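What follows is a single structure, written as structure tokens, with notes after it.
The values are calculated or read from the model by the stated rules, or taken from the named source; none is laboratory data. In this text, all values refer to a predicted model and were calculated from it rather than measured experimentally. Note: ideal-geometry Cβ built from the backbone for every residue, glycine included; neighbour counts use all protein chains shown. All accessible areas refer to the heavy atoms of the entire protein, side chains included, with ligands and DNA or RNA removed. Shrake-Rupley method; radii C 1.70, N 1.55, O 1.52, S 1.80 Å.
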Amino acid sequence: MSTWNDFLIILNTGVFMAGAELALMEGARSSKKVPSCRVSPYLRERDEKGRFETDFKNLKSSPSLFQENFRMTPATFEKLYEILLPFLMRKRNTRPNDFISEKAKLAMVLEYFASGDLCRHIASCYRISKQHFGSIVSHVSQAICKALKCQVAECNEETMTAVAKGYKEKWNFPNCIGAIDGKHIQIRAPPKSGSIFYNYKGFHSIVLLASCDASYKFTHIDVGAYGSEGDSNIFKNSTFGSKVLSDQLPFPADTLIDGKKVPHFIVADDAFPLGKRIIKPFAQKTLTTEERIFNYRLSRARRCIENAFGILSTKWLCLRKILFCSPDRAQEIVSACCLLHNFLLNEVREEYCPDTFSGYETNNGEWVIGETENWDSNRNETRFYRGRSSDYGKYVRNVLKEYVNSAQGAVPWQNVAAFV
């Protein structure tokens, strides 16, 4: 009997010890799953001490300081917010205990675009985690792209005719429906990407290929090509470029210049192929006087895309610095900045880009350098296209050369400006 009782005592003791060990293990697991402090005390004070609650409202009382931080006045910010609100609102709130208003999200992303500061710095100012800030940047960028896509006019005969009229009136270049070029946006090298994003300038990038009108508004945007690709290949492989080269866009009808039919075209630099719809300068070797003058006149029109890129990257400084994010998010950021650029030019051109900022031409053809050109150090970059020019492109260029050197098409200052 005593033996049986001893066995029961031992069994109960073993069960008790096993249960105690199990309880300790469960306690250890639960302590790992539920940390004692889920949110940093610093982040918990967002609603009381975050930048949106403290500084944003105070900045609105000083429009000039507000514009320095967000690239727009408080009134324009409110108008943009109303446009974006339907696209910013989520279908359901997945963070009920950590809610951030849509207006706060827009403010922090605009400040990030405008300042180009590191994400973690902006996130700490607004007292949110850097991981959460990254998702907010994507969300707001996507909302901007959806809401403001109408800021890039549809490519049709009517809009192209309006662009050609602008180039004729403002830059004295007929039949031009845009200036096109590429811009490298520096990004952090993606993991296991090799050299596919590494460009000839010596850094990793994605390419923004864009065209613009005579007033520096973008008429076409193509973002995301690998930095290792050249502008010519990117253009040929893009949907827009293939349609231009195959003459499939609804171009306006040809017009008469000095009695000769001339098609509408896009002006470009040496990186692009010469053709019916692409006109570029004469090669720099052994230029005649007439060719020098033509190159000058074409450069006046092509300057528009260089100025557009200069204004864009000076206003939205994130495009001048390394984007420490994936190529997909970088593409969203660049597209959003381009659409904001068009939106502000359409809505409040004088406050966003006055002549003193973008540069302007005097009545005698002298170019007055603006603030944006003082920022830009890569304007006179030389690139070459190694390919065979089409005969039709040469014909169109020669017709234009004769026109700009004729009494009808010449401007009074062109000889001096072209140093001939």
- Test: Glu154 is closer than 22 Å to Pro354 by Cβ and within 21 Å of the chain's Cα centre (by Cα): no
- Output the strands (runs of 3 or more DSSP E) that fall wholly within region 230-303 and possess 3 or more residues being surrounded by fewer than 22 Cβ atoms within 10 Å (Cβ to Cβ), or say none. 255-257, 260-262
- Item | Matching entry among Tyr198, Tyr216 (being surrounded by fewer than 21 Cβ atoms within 10 Å (Cβ to Cβ) and out of contact with any Asp or Glu (no Cβ under 8 Å at 6 or more places or on another chain)) | Tyr198
- Note on the structure: When every residue in region 383-409 that is farther than 21 Å from Asn233 by Cα and either modelled with pLDDT under 85 or in contact with a helix residue (DSSP H, G or I) (Cβ under 8 Å, 6 or more places away or on another chain) (or both) is compared, the one surrounded by the fewest Cβ atoms within 10 Å (Cβ to Cβ) is Glu402
- Task: Tell me which residues, restricted to region 96-121, are among the β-branched types (Val, Ile, Thr) and either at pLDDT below 90 or open to solvent by 10 Å² or more (accessible area, probe 1.4 Å) (or both).
- Result: Ile100
- Lone qualifier among Val140, Val163, Val152 - being under 30 Å from Gln408 (Cα atoms) and β-branched (Val, Ile, Thr): Val163
- Message: Residue pairs, Cβ under 7 Å, 6 or more apart or interchain, first in region 178-204 and within 22 Å of Ser238 (Cβ to Cβ), second open to solvent by less than 50 Å² (accessible area, probe 1.4 Å) and among the basic types (Lys, Arg). List them.
- Response: Ala179/Arg302
- Does region 209-254 hold any residues that are on the phi > 0 side of the Ramachandran plot and out of contact with any Lys or Arg (no Cβ under 8 Å at 6 or more places or on another chain), and which are they? Tyr216, Gly224
- Can you confirm whether region 338-352 contains a residue that is open to solvent by 30 Å² or more (accessible area, probe 1.4 Å), at pLDDT below 95, more than 30 Å from Leu84 (Cβ to Cβ) and outside any loop (DSSP other than H, G, I, E, B)? no
